[in-house]
1. HN-Hα J couplings of region 52-61 from phi, Karplus 6.51/-1.76/1.60, θ = phi - 60°, integer Hz, Gly and Pro as x?
2. Tell me which trypsin sites (Lys or Arg not before Pro) from region 51-85 have a DSSP coil assignment and no more than 15 other beta carbons within 10 Å of their own.
3. With θ taken as phi - 60° and the coefficients 6.51, -1.76 and 1.60, list the Karplus ³J(HN,Hα) couplings across region 83-96 in order, rounded to whole Hz; mark glycine and proline as x.
Amino acid sequence: MRAKRIIAVMAGPLAAAALTFSPVLTAQAAAATQAPAASAPQAPEAQSPGQRGGTDGRAAGAKDGKRCNWGTSENPEAKKTAFKRAKDYKAYEDAYEAAYLKAYEESDNACDPNED
């Protein structure tokens, strides 16, 4: 009776060790750890105040130019509270104004028949 107990006690740890170092289990564990890393969302690139102003200004200028409504959507002051430094807001506002004007002029030619 005693010999059977010793064999059972010895077989338990050997089986666990064999399963731990099994190539099949190792491959499954590696695949499981790599999958979440590959599907992790990427952080968006941060835009400078000038880039954000250009993007916002182009969108507002194109919208107003299509409707022939100069200045209706133009409102860079709405984002003023988003900037802690006056220098950043100034860069945003300058880029916004330039982009708004350019985008508006690209699409407002349909409004005035005398323009080319």
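1. Running phi through 6.51 cos²θ - 1.76 cosθ + 1.60 with θ = phi - 60° gives 5, x, x, 5, 5, x, 4, 5, 5, x Hz.
2. Details: sites: Arg52, Arg58, Lys63, Lys66, Arg67, Lys79, Lys80, Lys84, Arg85; in loops: Lys84, Arg85.
Loop-located and lightly packed - Lys84, Arg85.
3. Coupling constants for region 83-96: 10, 7, 9, 5, 4, 5, 5, 4, 5, 4, 5, 4, 5, 4 Hz.
We did not get these values from a lab; they are worked out from the coordinates using the rules stated. From a predicted model like this one, the values you see are computed outputs, not experimental measurements. Backbone-built Cβ (ideal geometry, glycine too); neighbour counts: all protein chains shown.
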